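All remarks here apply to the structure that follows.
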Amino acid sequence: MMQAPKGTKDAIPENVYKWHYIERKAADVCRRFGFKEIRTPVFEHTELFQRGVGDTTDVVQKEMYTFNDKGGRSITLKPEGTSPAVRAYLENNLYAQPQPTKLYYITPCYRYEKPQAGRLREFHQFGVEAFGASDPTIDSEIISMVHTFFGELGVDNLTLNINSIGCPVCRNEYNKALREYFEGRKSELCGTCHDRLETNPLRILDCKSPICHGIAEGAPVILDYLCDECREHFEGLKANLENLGIEYKIDTHIVRGLDYYTKTVFEFVSNEIGAQGTVCGGGRYDGLVEELGGQKTSGIGFGLGLERLILVLENKDIPKDMKTDIYIASIGEQAKKYAQKLAFDLRQKGFSCEQDLLSRSVKAQMKYADKLGVRYSVVLGDSEIESGSAELKNMETGEKSEIKLDEIDEFLK
RNA sequence: GUGGGUAUAGCUCAGUUGGUUAGAGCGCCAGAUUGUGGCUCUGGAGGCCGUCGGUUCGAAUCCGACUAUCCACCCCA
């Protein structure tokens, strides 16, 4: 049998209500926080991600869905949402509109990875980006928005971790200090960290190997190396979060794996959904717009994995989509035709209704109506059509009431 | 890319030391005196036991490879 490609998942009718719920909530929270929706293509020129995400990152080096189109262009399915948003910001001159520009999107993303709990090859991200604001007020506004979003979904078991990874200037100083520290214990590090010592010592802090982790405990802390500007920014963010009453932890080991991050980085983590516990990750990227050809412009945003969010929501009560208003059961051909017209008219008036499509017995029709979870049902036979009235049944209470067929819509309201 | 687990009905799983027509619960469909759901009862449909190969008189059961899936590393949302 054919099956969906590895790492992809269908959203089938019995589950889509979760997606609807989350998407509605995202749109509503964005409206209140002043973020406007932007939709960008699923694919972009490969170069966008090479420059935006960074040529040396794992995402670009080994996880992208890249192919040549029939015109010989190198195309890549978007592995993340930030670079496309920046590209669109520049291409559509959004910087010429009143600043800051606050955008949000819900989009599929693609990464060629080995699937596991909370990690798919096609996954969906709710993300926001804010351009043109360098003050930490926007940092805290965005974090408070995620906080609100999770709070209103009833997710209360996440930890907010924050950190600052500085600007290129102070990070450089810090890298030097780190190299010096790890150089002394080089022989003890794991294989990958051995390499990281050369390429990106920051990432050693993130290593899950107990040995490296232990060594990292004693490593110099980035916060001690921040330049004045970066330190003030981070202090400002902390003060803002306290002002808003949002709890956070400082985790000097969070290091985002995409090259563009500067200063603020943060993540919301769950310990209930397996190893891939980061439900939301984000941070500031003050160099990215310039890197992609624009003026020097501050930026900050986050990405939030919808599949992971659904995992976190596993045992929560999620409101189902609206029930069908009425099922029209019918006996015989004449009644079926009548039901057809009645259903059509009610649908024109905005009600949802269903009729028999399989010529089943009344009993079977009622069973089906029950499984659909309809609010009301009505049975039409020759006598009902003749008299123009029938018994409307409330499927929840079982209560019946005699009504005129041309007045059904009054009862459905 | 590396490691480990799993693979029997639509779903969740039984299947005794290899032995003949492979089972249960749930779900689906149909009935239980002729036109009304939920509870109960009865019946029915539905499985090349993941695929290929090997051992054996005989394999769902043992062995190997492959594939799929799950979990972890890595990476990240």
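The values are calculated or read from the model by the stated rules, or taken from the named source; none is laboratory data. Predicted, not measured: the structure shown is a model, and the values here were computed from it. For neighbour counting, all protein chains shown are included, and Cβ atoms are generated from backbone atoms with ideal geometry for every residue, glycine included. Protein only, heavy atoms only, side chains kept; ligands, DNA and RNA dropped before computing areas. Shrake-Rupley method; radii C 1.70, N 1.55, O 1.52, S 1.80 Å.
Overview of results
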{"item": "Pairs of alpha carbons in region A:90-248 whose separation is greater than 24 Å (percent)", "result": "56"}
{"item": "Candidate residues A:33, A:150, A:411: accessible-area rank, largest first, probe 1.4 Å", "result": "A:411, A:33, A:150"}
{"item": "Linear extension gain, residue A:31 paired with residue A:316, 0.36 nm per residue minus alpha-carbon span", "result": "100.2 nm"}
{"item": "Stretchable slack from residue A:197 to residue A:169, in nm (0.36 nm times residue separation minus alpha-carbon distance)", "result": "8.2 nm"}
{"item": "Flagged links, alpha-carbon separation over 32 Å, of A:208/A:263; A:102/A:371; A:186/A:263; A:208/A:296", "result": "A:102/A:371; A:208/A:296"}
{"item": "Two-site FRET efficiency, residue A:68 against residue A:334, from Cβ-Cβ distance with R₀ of 45 Å, rounded to 0.05", "result": "0.15"}
{"item": "Heavy atoms of residue A:352 accessible to a 1.4 Å probe, total area in Å² rounded to 10", "result": "40"}
{"item": "Cα gyration tensor category, rounded, prolate or oblate, for chain A with a/c compared to 1.5", "result": "prolate"}
{"item": "Per-q log10 I(q)/I(0), region A:290-351, q = 0.18, 0.20 Å⁻¹ (Debye; single scatterer per alpha-carbon; no solvent)", "result": "-0.81, -0.87"}
{"item": "Unit charges at the beta carbon, dipole of region A:1-136: most positive-side option, A:93, A:75, A:2", "result": "A:2"}
{"item": "Residue A:404 versus residue A:389: modelled label distance in nm, points set 7 Å from Cα along the beta carbon direction", "result": "1.0"}
{"item": "Rounded, prolate or oblate (a/c below 1.5 giving rounded, otherwise prolate when a/b exceeds b/c) for region A:202-309 by Cα gyration tensor", "result": "rounded"}
{"item": "Given A:320/A:363; A:349/A:404; A:363/A:400; A:336/A:363; A:320/A:349; A:393/A:413, the pairs whose alpha carbons are separated by over 19 Å", "result": "A:320/A:363; A:320/A:349"}
{"item": "Lys, Arg +1 and Asp, Glu -1 on Cβ, resulting dipole of chain A about Cα centre, debye, nearest 20", "result": "880"}
{"item": "Value at 222 nm in deg cm²/dmol, rounded to 500, when DSSP H runs of n ≥ 4 in chain A each add -39,500 (n - 2.57)", "result": "-11500 deg cm²/dmol"}
{"item": "Full-stretch length increase - residue A:290, residue A:12 - with 0.36 nm per residue and alpha-carbon distance subtracted", "result": "95.9 nm"}
{"item": "Residue among A:233, A:244, A:189 farthest towards the positive dipole end of chain A, charges placed on Cβ", "result": "A:189"}
